[in-house]
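Bear in mind these aren't lab numbers, they're just calculated from the coordinates by the rules spelled out. In this text, all values refer to a predicted model and were calculated from it rather than measured experimentally. Heads up, the Cβs are rebuilt from the backbone with ideal geometry, glycines too, and the neighbour counts pull from every protein chain shown.
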Amino acid sequence: MKTKAILLLAGSLVASATMAISSVLAAPTLIASKGPSAAPDGWKVLVDRSKTCQISVPSDWVVDKFSPSSASAPDNKAGLTMHASPNQTLAKAKTTFEMLFPPKKVIENSATRAWDAYKPDSVAVDSPAVSWYVAIQVKTSVCAAQIDFKNPSLEAMMKQIAESMSATK
C-alpha cells in the first residue's frame, strides 16, 4: 500500500512539474502576443509631445519639423500622426472617432486596442488609399494614430508600424 501511495505521489509531482514548466515556457509567447510588437532594428521611434506615447517608423521616413509625432515616407505615399489624449478611455476615444469617421472595416475591437479602417471624405470612393485609426489605452490616457497609405502593397509594413505603438519606454 505504501509503495502505491509513493508511486502515486511521485507521478503527481512529475505531472505537476511538467505542467508548471510547460506554462512557464509558454508564458513569453502569450505575453508577447498581447503587447505591442517590437519594431524592426534601425527604425525611428517617435514620441508625442506629452511623452506618453511612442510609435516606430522605418529609418528613411521623414519626421515633421513641427510635430515630432508625425512622419511620412520619403515618397509621401504613406504617413501617420500620433497623439495622446489624457484622461480618456479607449471606449470613449473609439466612440468619438467613429462618429467623425465611420469605419468601413473593423480590424480589431478588443479591451486593449481599437483599430478601424475608414475612408476620409477627401479621398475618392474608388481610390485604393487606406486610412486606419489605431488606439490603445495607456494608464489614464489613450494613444492614437491616424495612418494613411496610398498603395495597398504597403499594408504589411503599415501593420508593423501600427502594432509598434505603445506607452513611452
### Message
With the requirement that a residue be under 23 Å from Ser122 (Cβ atoms) and over 17 Å from the mean Cα position of the chain (by Cα), what does region 73-96 give you?
### Response
Ala73, Pro74, Asp75, Asn76, Lys77, Ala78, Thr95, Thr96
#### Entry: Scan of region 47-72 for residues that are within 26 Å of Val123 (Cα to Cα), of a type in the set (Ser, Thr, Tyr) and surrounded by fewer than 19 Cβ atoms within 10 Å (Cβ to Cβ), ordered by number
Ser67, Ser72
